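Following: one structure in structure tokens, then a few remarks.
The values are calculated or read from the model by the stated rules, or taken from the named source; none is laboratory data. Treat the numbers as computed from the prediction; the structure is a model and nothing was measured. Please note: Cβ atoms are built from the backbone with ideal geometry, for glycine as well, and neighbour counts cover all protein chains shown. With ligands, DNA and RNA removed, areas are computed over all heavy atoms of the protein, side chains included. Shrake-Rupley method; radii C 1.70, N 1.55, O 1.52, S 1.80 Å.
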Amino acid sequence: MNTRSHQQITPELRAWIVAQAQAGQPAEAVLQAMKASGWDEDVAIDAMESTLRAHLASQPATPVQPSAPAQPSVAAQSGEATQQPTGVPVPEPALSESPLYLDAGDRRVYVLQSMRNPRVVVFGNLLSDEECDALIEEARPRLARSLTVATKTGGEELNDDRTSNGMFFQRGESELLRRIEARLATLVNWPLENGEGLQVLQYRPGAEYKPHYDYFDPAEPGTPTILKRGGQRVATIILYLNEPERGGGTTFPDVQLEVAPKRGHGVFFSYDRAHPSTRSLHGGAPVLAGEKWIATKWLRERRFD
Ligand code: PD2
Ligand code: ZN
């Protein structure tokens, strides 16, 4: 049997192809992303052609133009378009038909809210209470004051903008982590191998994470070293493991959005280029009362080994 006969074009793959086209990804970039994930080239081309043809036929009033930008970006509106890097394929949940829930493999996840620009999706029922508790208890003995990646050197450093305690799990470290990693990969249609290990953060009253971008700043000298392993970050999933009494929402200042830290819920956001025009600036608002625990999953362009 050859590889072609093994590869099935699932509804999730079709939804991902449509989402990439709607986001303005060039056909070549979509093809390269599929090949990098193990798709046979001929199968990938067939899947793209048949999916986009069917999508166009079903939506005569709003044709998809695979190589056209989905919407003018902030930078384009302000005349900076020529200085902007081009977008890359990003993870994307199958939301083209506005489902109320998604099958994430082992769990039905609710779609509570979605925004196109910036791409932000809020999910419910992403983790059970038992999974939240287990993550907290496995992380607690391993917590240390959070470090951030030092883009000047490629190492790690203490940062006053981030007053939480944190730790990283290894990817696939336990049955619980493998289960959650597989669920997240299915939910956002992105290879599990492109994910960093889950990070757990604990915020005590007063602790916060000031607004920042999760991608690595291309202007920093340490960034090329960081990118050798898996390329850029292209999406983030924040999982809420408990509920502070007040404060601690995840904020998106460019669009004045605040996501409430509700236990078992999660917020997904993607950024197709390392540029503020993605409007993916986000922060963890100060915790006013109680404690906040989250787990963060960062997704890379390529395998993160
Ligand atoms: O705790 C948060 O809500 C938060 C906000 C911004 C977490 C992160 N960024 C992160 O882990 O990158
Ligand atoms: Zn962040």
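Computed over protein heavy atoms with a 1.4 angstrom probe, the accessible surface ordering of S50, S128, S164, largest first, is S50, S128, S164. Here the 3J(HN,Hα) profile of region 200-207, calculated from phi with Karplus coefficients 6.51, -1.76 and 1.60 at θ = phi - 60°, is 10, 10, 10, 10, 8, x, x, 6 Hz, Gly and Pro shown as x.
Here the simple spin-label model places points 7 Å from the Cα toward Cβ, and for D106 and V255 these points are separated by 3.1 nm. Distance between the 7 Å Cα→Cβ label points at A182 and R246: 4.3 nm. Taking all protein chains as shown and a probe of 1.4 angstrom, E49 keeps an accessible surface of around 100 Å².
In terms of accessible area, using a 1.4 Å probe and ignoring ligands and nucleic acids, D42, D272, D305 rank largest first as D305, D42, D272.
For R140 and R303, what does the FRET efficiency come to when R0 = 25 Å and r is the distance between their Cβ atoms, rounded to the nearest 0.05? Don't jump to the answer; show the numbers that get you there.
Values: r = 30 Å, r/R0 = 1.21.
That pair, R140 with R303, gives E of 0.25.
By a 1.4 Å probe calculation restricted to protein chains, E245 has an accessible surface near 150 Å², given to the nearest 10.
Computed extension length for R229-S98: 43.7 nm, one decimal, from 0.36 nm per residue of separation with the Cα-Cα distance subtracted.
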